[in-house]
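Asker: I'd like to ask some things about the structure below.
A short reminder: the numbers here are calculations on the coordinates, not readings from a lab. Only a predicted model underlies this, so the values are computations on that prediction, with no experimental measurement involved. Every residue, glycine as well, gets a Cβ built from its backbone with ideal geometry; the counts of neighbours run over all protein chains shown.
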Amino acid sequence: MFPEPDEGNGFLAEHVADLLRSHHELTGSHLITPRGAVSQVARLAYAAPVVLLSHDGADDPLLTYGNLAAQELFAMVWGKLVGTPSRETAEAPERAERKELLRRVAENGFIDDYSGVRIAADGRRFVIRNATVWNVSDANGVRTGQAAAFSQWEPLDG
C-alpha cells in the first residue's frame with residue numbers, strides 16, 4: 001500500500017495524477033485545476049475540502065487513497081484507511097446497492113449522481129449526495145481501480 005502523502009513522496013503525485021487525469025478524461029471536468037508541478041497539485045488534492053477516495057481493482061477492493069477530508073469524514077487516519085476493504089465504508093444492508101453502483105461505473109466509466117448511506121469507523125452514519133464515481137487508469141490506460149469524490153454529506157444520527 002501507499003505511504004501517507006507528504007513532502008517526501010510528493011504527496012503521492014503519480015497516484016493522484018492518475019485519479020485526476022482519469023476523472024478529467026471521463027467527465028470533462030477538473031477536480032483540481034492542474035497548475036504547477038504534479039506534487040503541488042497532489043498536495044492541493046490531499047488538503048481539498050472535497051472528499052477524494054480510491055480503491056484498487058481487486059474483487060474485494062481495498063482503499064488505496066483518502067485525502068484529509070475523507071480521513072476526517074470516515075474517522076480513520078491514513079494508516080487505518082488505506083488497506084481497508086472499501087465495502088466496510090457501507091453498512092451490510094447497503095452493500096448490495098454499493099456493489100451495483102460499482103458495476104455500473106465499471107460498465108459506463110463514471111456516474112455523477114450517486115447518493116447513499118455510509119458509515120464511519122466510529123459508527124457515525126451519514127448520507128453522501130451527488131458523488132462522482134469513476135474508473136481509474138494509469139498513464140498507459142490500464143485500469144487500476146475506481147475513485148469517488150463528493151462534497152455533500154449530512155449526518156443521519158443525532
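Asker: Evaluate E = 1/(1 + (r/R0)^6) for GLU107 and ALA139, where r is the Cβ-Cβ distance and R0 equals 25 Å; express this FRET efficiency to the nearest 0.05. It would help to have the intermediate numbers written out before the result.
Answerer: Details: r = 23 Å, r/R0 = 0.92.
Here the calculated transfer efficiency is 0.60.
Asker: Give the span of region 7-155's Cα atoms along each principal axis, as three whole-Å numbers ordered largest to smallest.
Answerer: Projected onto the principal axes, the Cα atoms of region 7-155 cover 42, 31, 25 Å.
Asker: For region 14-62, rounded, prolate or oblate, judged on the Cα gyration tensor with a ≥ b ≥ c (square roots of eigenvalues), a/c < 1.5 rounded, else prolate if a/b > b/c?
Answerer: Details: a/c = 1.92, a/b = 1.55, b/c = 1.24.
Since a/c reaches 1.5 and a/b is larger than b/c, the shape of region 14-62 is classed as prolate.
Asker: Return the sequence-ordered ³J(HN,Hα) values of region 132-147 in whole Hz as given by the Karplus equation 6.51 cos²θ - 1.76 cosθ + 1.60 applied to θ = phi - 60°, using x for Gly and Pro.
Answerer: So the Karplus estimates, Gly and Pro as x, are 9, 10, 9, 6, 10, 10, 7, 4, 8, x, 7, 5, 10, x, 9, 9 Hz.
Asker: So which residue, out of GLU72, GLU14, GLU107, gets the largest mean-square fluctuation from a GNM of the chain using Cα contacts under 10 Å as springs?
Answerer: With Cα springs under 10 Å in the chain, the top fluctuation among GLU72, GLU14, GLU107 is at GLU107.
Asker: Just want to confirm a number: the relative contact order over region 7-155, from Cα pairs under 8 angstrom separated by 6+ residues, in percent.
Answerer: On the way: 278 pairs, mean separation 33.4, N = 149.
Relative contact order, region 7-155: 22 percent.
Asker: Another question, if that's okay. First select every other residue whose beta carbon is under 11 angstrom from the beta carbon of THR64; then total the charges, Lys and Arg +1, Asp and Glu -1. Mind showing how you got there, number by number?
Answerer: On the way: positive: none; negative: ASP18, ASP56.
Result for the neighbourhood of THR64: -2.
Asker: List TYR114, TYR65 from most exposed to least, where exposure is judged by having the fewest other Cβ atoms within 10 Å.
Answerer: Values: TYR114 19, TYR65 26.
Ordered by Cβ neighbours within 10 Å, fewest first: TYR114, TYR65.
Asker: Tell me the net charge near ARG118. Cut-off is 15 Å between Cβ atoms, ARG118 excluded, with +1 for each Lys or Arg and -1 for each Asp or Glu.
Answerer: On the way: positive: ARG87, ARG95, ARG98, LYS99, ARG124, ARG125, ARG129; negative: GLU72, GLU88, GLU91, GLU94, GLU97, ASP122, GLU154, ASP157.
Around ARG118, the surrounding residues sum to -1.
Asker: Would you give the gap between the C-alpha center of region 24-76 and the C-alpha center of region 94-134, rounded to a whole Å?
Answerer: Measuring centre to centre over Cα atoms gives 15 Å.
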